[in-house]
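*Asks:* Handing you a structure now.
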Amino acid sequence: VNPAFLDELKRTPLPRLHAFVLPRRPPTPEAQRALETNGVRLLFHVTQGMWVASVARGFTDDAVLRDSVRWIESIRPEDKIVAEVRAQRFSNWAVEKDGRVRLAVEFFTDVPRAEAEAILRKYVDPIQPWVAGHGWYIVVARETVKLLAEHDQVKWIEQGPLPLLPLNNFTRQAIHVDEAQEIDLSTAMPVYHG
């Protein structure tokens, strides 16, 4: 466990911090429960072997944990920002006339909605919740991106929402998909003869 992460855990007023975790073996449900007993709740995997976890403030680096976890490391603010936003390269549609930018901000699922909304309202109001998921759309000054990413509760920041564009209205007709598929809708299930 990175000593800097342990220091962060000691200093944080939050009940948990999020971190990258590399288990020694693929975690079975029993192994996941054992990790939770030690204060490490696996949330989702990033790669085949690496996970993002919620680590409780009371976490201790004991022998049981060392036997099941190879590595724990902090998630840095820059890890949470999509590359083009991190480089301040915004699409034209994402930039308002006054220079502010449209963002989609996702929070970790173990962060209560009220807590996430309170963080966002420090920087902007109104906020628009996603129809599904645990995120919000906001319009903020460019320098706010880094400030948001410094909050442990923030999982991901990217441009958004993509504006609705009427580009697919006549695509099937234009590329003759119906003719190629020769779809027959006269039966209960569509049949493709093409």
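The values are calculated or read from the model by the stated rules, or taken from the named source; none is laboratory data. Because the structure is a prediction, the values reported are computed rather than measured. Don't worry about glycine lacking a Cβ; one is built from the backbone with ideal geometry, like all the others, and counts go over all protein chains shown. Ligands, DNA and RNA are excluded from the accessible area calculation, which covers all protein heavy atoms including side chains. Shrake-Rupley method; radii C 1.70, N 1.55, O 1.52, S 1.80 Å.
*Asks:* Run Ala188 past the list (1) small (Gly, Ala, Ser); (2) part of a strand (DSSP E or B); (3) modelled with pLDDT under 95 and report the number of the one that doesn't hold.
*Replies:* The number of the failed condition is (2).
*Asks:* Does the stretch 150-162 hold any residues that are under 25 Å from Pro13 (Cα atoms) and assigned to a loop (DSSP other than H, G, I, E, B), and which are they?
*Replies:* Across the stretch 150-162, the qualifying residues are Glu150, His151, Asp152, Gln153.
*Asks:* Mind listing whichever residues of the stretch 95-149 are assigned to a loop (DSSP other than H, G, I, E, B), closer than 25 Å to Glu36 by Cα and small (Gly, Ala, Ser)?
*Replies:* Gly133
*Asks:* Considering (1) within 19 Å of Pro15 (Cα to Cα); (2) surrounded by fewer than 15 Cβ atoms within 10 Å (Cβ to Cβ), say which one Asp125 fails and leave the rest.
*Replies:* Here Asp125 meets the rest and fails (1).
*Asks:* Continuing with the same structure: Need pairs with beta-carbon distance below 8 Å; first residue open to solvent by less than 100 Å² (accessible area, probe 1.4 Å) and within the stretch 172-183, second at pLDDT 75 or above and part of a strand (DSSP E or B); sequence gap 6+ or separate chains.
*Replies:* That search, which allows pairs on different chains as well, returns Ile183/Val191.
*Asks:* Looking only at residues that are of a type in the set (Ser, Thr, Tyr) and assigned to a loop (DSSP other than H, G, I, E, B) in the stretch 1-38, which one is most open to solvent (accessible area, probe 1.4 Å)?
*Replies:* Thr28
*Asks:* Regarding the stretch 39-50, can at least one residue be identified that is touching a His at 6+ places or on another chain (Cβ under 9 Å), part of a helix (DSSP H, G or I) and either farther than 30 Å from Leu164 by Cα or open to solvent by less than 80 Å² (accessible area, probe 1.4 Å) (or both)?
*Replies:* Within the stretch 39-50, not a single residue is touching a His at 6+ places or on another chain (Cβ under 9 Å), part of a helix (DSSP H, G or I) and either farther than 30 Å from Leu164 by Cα or open to solvent by less than 80 Å² (accessible area, probe 1.4 Å) (or both).
*Asks:* Further, regarding this structure: Given the condition in contact with a strand residue (DSSP E or B) (Cβ under 9 Å, 6 or more places away or on another chain) and small (Gly, Ala, Ser), answer yes or no: does some residue in the stretch 148-156 qualify?
*Replies:* Scanning the stretch 148-156, I find at least one residue that is in contact with a strand residue (DSSP E or B) (Cβ under 9 Å, 6 or more places away or on another chain) and small (Gly, Ala, Ser), so the answer is yes.
*Asks:* Checking Ser54 against (1) among the small types (Gly, Ala, Ser); (2) open to solvent by less than 20 Å² (accessible area, probe 1.4 Å); (3) touching a helix residue (DSSP H, G or I) at 6+ places or on another chain (Cβ under 9 Å): exactly one of these is not met. Which one?
*Replies:* Unmet condition: (3).
*Asks:* Would you call Ala87 without any contact (Cβ under 8 Å) to a residue 40 or more places away in the chain and open to solvent by 40 Å² or more (accessible area, probe 1.4 Å)?
*Replies:* When the stated conditions are applied, Ala87 passes them.
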